[in-house]
Structures are given as structure tokens and as C-alpha cells.
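The values are calculated or read from the model by the stated rules, or taken from the named source; none is laboratory data. All values reported here derive from a predicted model rather than from experimental measurement. Glycine gets a Cβ as well: all are built from the backbone with ideal geometry, and neighbour counts include every protein chain shown.
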Amino acid sequence: MDKQSKLSVKQLLGLGTLLFGLFFGAGNVIFPVKMGQDAGAYCLPASIGFILTAVGLPILGIISSALSKEKSIVGFTMPCGKKFAYFYSILLYLTIGPFFAIPRTATVAFEVGIRTYTGEKSGIFLFIYSLVFFILVWIFSMKANRIMDVVGRFMTPLFIILCAILVIAVFVSPASRPSENIPAVPYDTQALSQGMLDGYNTMDALASLVFAGVIMTSLNRMGVTEEREVAISTLKASLFTILFFILLYGSFVYLGASSRTLTPEGQNGGVIMAYVSRHYFGFAGQILLALIIGVACLKTAIGLIVSLSQAFHELFPAVSYTSFQIVFILVAFLIANFGLDQIIQWSVPVLMFLYPLAIVLIFLRFLKTAFPTKISNLHFQLSCLMAGIVGIFDLMKALPKFTRSWAPITKLTHWADSSIPFFESGLGFFIPAILGFILATTIVSAKKLRSK
């Protein structure tokens, strides 16, 4: 093995920092806080579930992409067929882009800093705030590299330091003890599995399939090109990211679990953070937190706009990068004005469809690397088909209440609850995907026997 392919500790730490910077965004703050408040006394099992899907799956996604040597989602999903690859890739890009993740950056910043002061006029203030926010995104995304480097180098660490101070204050003087707070439904009976589903909301496992190309390019520039060493270097670098995110999520979950007495019921994670910050540090502390999280969200939005505009320009070269950039910013601005609660409400069903397919694809890519001659495209196609069918039922079950109460949807989800193993806990895709894999193996084996 080439000695240059072995990275130093400094290089691995730099790669781990890059991984953390790519994944760290608005959702990494608001969702563990909200989950902690809802889980109450059962915040520990909920945290374990959250970490499995919000930390474990993204790292596996990066490693499996590195092993596959595919730097795009289209290439990663191509064994399922060209039409599926384009359909899934476009839907995933739109989900982690202008439909949900980018609008969420503007609304989280608004919720943390401004909404608690706006009262009944929050809609008008959200419109003004998001308009300014996305004008800045448009200006900065024209020359994103320098701006993101400066902001990322100073504002993200500053935000983490401020959050650490807030978390320390919560640990030293908690408003209430998590053990005193009764878990809300469904955490009272299935905290672990619900925590796993909450981890989907960060969208990091989906984003890992996009960020994998960045990591592989960075490794190649460092001289790491051999397949096995790419995976090992990624895994080593990931240890820093894993440990940091576990610490971060654990702290945010505790913050939420101990703050139930400080906030009105039914608030999202952004509002909870605002109330907790004001409780410990007063108005000045909340404003400082709002400014810093606003800049951190701005950085995330710029990065997503740039990367997704480039990706769509590569998929559809006839349309310019600038055209995609402007359209995505306009769409994100319009969706942001529905508010954070509505964005979360409608993103969950889509995530419930996309995640099972992403999980199946990630594990199939590992198997393909281990057994390249035994895993065929048919294994990908039938496993994803079966998982996708169940994903449609998961999507229907996660629809907003007024939609899923429609009689046909209610009947279908009730049937799935009673007929598909583990469906109630969000793992209904597991056995069907395995059955699809077994069926593909049987068909491939039968074809080989016939050809002899």
C-alpha cells in the first residue's frame, strides 16, 4: 500500500471536522430538543433511537458511497434502473433542498429569534424575515466559496460555544428533572422506535448520499484512492463526528426534557430553544443565539443552493446553473412562509417514503462490495420495490391528520398496521426488503442452473 494513502491524525481530524460541518444544520438542533421535551422520563431510549438513525445511518451512507466509488446519487441508485435512479435522485434533491430543508433554515432562524415577540402578526414578520434571508442567500450564493469559508470558520464554532454554555446552564440548574415529566404519546410505549423515526427528520442519511462525493474528492486530493483505504479513512474520520454528535444530541435532548415547565405545550424545537435561552440569559442571550443560529442557517442554505443548483445543471445541462439557483430560492422562499410547523408536518411523510429506500440501498451497496459477483441489479430492484411499497403505506400513515383521516387512507393504514410486521414501529419495510432479496437470489440461481 502506498504510504501516502495513510492519513495523519491531523488530516483525519480535518476530515472529521468537514463531515461535521456538512451535516450540522438547523434540524440537528430543533429535533432532538423537541424529542427530549416530548419523551420526558423516557428520553434515554428515545436518544438511543435518534442517534442510530441521525448519526449511524449518515456515516454508513458515506462509507457505502465511498465503497461504491459513486460520487452522485444517480450513480449510487443506478442498479435499480435508470428511471428509478432519476426519480429517486430528483425527489431526494428536492427534499433536502427547496421543498423542505432550505425553507426550514429560514424558519428555524425566525422561530428562535423573533416569533415569540410577534404575537398574532407572526405571518407578516415571517414574510419580511424570509424575504431578507433569501435575498442574502441569493447574493452570497453568487460567490459562495469565500463567504462560506469565513462564516464556517467563525460563526459555526461560536454557535456551538454558545449552545455549550446554554447546555451547561441547563445541567447545573435544570428547570425540572426529565424523570418528573410523563412521556407523551407515542414515547410512553415505543420511545426507542419513535426516536429512530425522529432521527429521520434531520435528513442527514439522505444528505450523506449527496455529501459522499465531497468526502471522496477530499480523500483523493490527500492521496487516498484505494477502495479499502478510502472506507477505513472515512470510518476513522467519522469517529470524531460520531462522538461529537452523540454529545451534542444528548445535551439537546436533556435540554428539551428538562424544559417542559418553561414553554407552552405543542411548541416546535426552535421556540423551545428561544424560551430556554431567555430563561437562563434573558433577552440579550436570546438575541445573541438568534443572530448566531441565523448566520449558521444562512450558511447551510447557501451551501444547499450552490450544491443542488450544480447537481441539477449536471442532470439537465440545457438549463443554466443560475436558472436553477433562482428557481430554488423562489420556491424555498414561498414554502418558508407556510411556517416551520407546516414544513415539518409535510416533510415527515416524504421522509418516511425516502428513508426505507435509502437504508436498503446503503446496505445493498455494502453487500455488493463484499460479494460483487453474487449481488445483481435484480437484488437492488426487487428489494427496493418491496421496501418502496411499504414506504407508500408509511407515507400515508405520516400524512397530516386532516389528510390521513380520509376513509380510503385510513383503511389502507389500518390494514398495514395489522398485516405488515413491525409496521407500527416504522420498520415495516425490513422483512419485505429481505423477501425481495431472497426472491432475487432464487431467480438468479434458477437462471444460472438453466444456463448450465
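To keep it simple, each residue is scored yes or no on (1) β-branched (V, I, T); (2) out of contact with any helix residue (DSSP H, G or I) (no Cβ under 6 Å at 6 or more places or on another chain); (3) over 30 Å from I443 (Cβ atoms).
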{"site": "S307", "(1), (2), (3)": "no, yes, yes"}
{"site": "E314", "(1), (2), (3)": "no, yes, yes"}
{"site": "F324", "(1), (2), (3)": "no, no, yes"}
{"site": "L330", "(1), (2), (3)": "no, yes, yes"}
{"site": "N337", "(1), (2), (3)": "no, no, yes"}
{"site": "V348", "(1), (2), (3)": "yes, no, yes"}
{"site": "F371", "(1), (2), (3)": "no, yes, no"}
{"site": "K401", "(1), (2), (3)": "no, yes, yes"}
Taking first residues from the stretch 313-331 that are within 17 Å of G303 (Cβ to Cβ) and free of Cβ contacts under 8 Å to residues at least 40 places away in the same chain and second residues anywhere that are of a type in the set (A, V, I, L, M, F, W, C) and surrounded by 13 or more Cβ atoms within 10 Å (Cβ to Cβ), the pairs with Cβ under 7 Å that are 6 or more apart or on different chains are H313/V319; H313/F324; F324/F312
Kindly indicate whether any position in the stretch 59-73 is closer than 21 Å to A296 by Cβ and of a type outside the set (A, V, I, L, M).
-> no
Identify all residues within the stretch 330-343 that are over 13 Å from G123 (Cα atoms) and either over 22 Å from the mean Cα position of the chain (by Cα) or surrounded by fewer than 20 Cβ atoms within 10 Å (Cβ to Cβ) (or both); write none if there are none.
-> L330, V331
Looking at the stretch 238-259, which of its residues are surrounded by fewer than 20 Cβ atoms within 10 Å (Cβ to Cβ) and under 18 Å from the mean Cα position of the chain (by Cα)?
-> I242, L243, F244, I246, L247, G250
Helices (runs of 4 or more DSSP H) wholly inside the stretch 369-434 containing at least 1 residues that are modelled with pLDDT of 95 or more and touching a Leu at 6+ places or on another chain (Cβ under 7 Å) = 377-398
Would the stretch 209-219 turn up any residue that is within 20 Å of the chain's Cα centre (by Cα), surrounded by fewer than 19 Cβ atoms within 10 Å (Cβ to Cβ) and within 13 Å of G16 (Cβ to Cβ)?
-> no
Looking only at the stretch 51-87, and only at residues there that are among the hydroxyl-bearing types (S, T, Y) and buried (at least 24 other Cβ atoms within 10 Å of the Cβ), the one that is farthest from M35 (Cα to Cα) = T77
Could you give every pair whose Cβ atoms fall below 9 Å, whose first residue belongs to the stretch 159-177 and is not assigned by TED's automatic domain parsing to the domain that holds F24, and whose second residue is modelled with pLDDT of 90 or more, counting only separations of at least 6 or pairs across chains?
-> none
Within the stretch 213-224, is even one residue closer than 18 Å to G25 by Cα and either at pLDDT below 90 or part of a helix (DSSP H, G or I) (or both)?
-> yes
Select from the stretch 390-415 the residues that are among the hydrophobic types (A, V, I, L, M, F, W, C) and within 26 Å of the chain's Cα centre (by Cα) and write down the one among them that is farthest from A358 (Cα to Cα).
-> F402
Selection count, the stretch 260-284, where residues are free of Cβ contacts under 8 Å to residues at least 40 places away in the same chain and either in a helix (DSSP H, G or I) or crowded, with 23+ Cβ neighbours inside 10 Å (or both) | 3
So which residues in the stretch 92-116 are buried (at least 24 other Cβ atoms within 10 Å of the Cβ) and of a type in the set (G, A, S)?
-> G97, A101, A106, A109
Check on G36, crowded, with 24+ Cβ neighbours inside 10 Å and closer than 22 Å to L395 by Cβ | no
Could you tell me whether the stretch 298-314 includes any residue that is under 30 Å from A85 (Cα atoms) and either outside the structural domain of S68 (by TED's automatic domain parsing) or surrounded by fewer than 17 Cβ atoms within 10 Å (Cβ to Cβ) (or both)?
-> yes
Exactly one condition in (1) assigned to a helix (DSSP H, G or I); (2) at pLDDT below 90 is not met by S193; state its number.
-> (2)
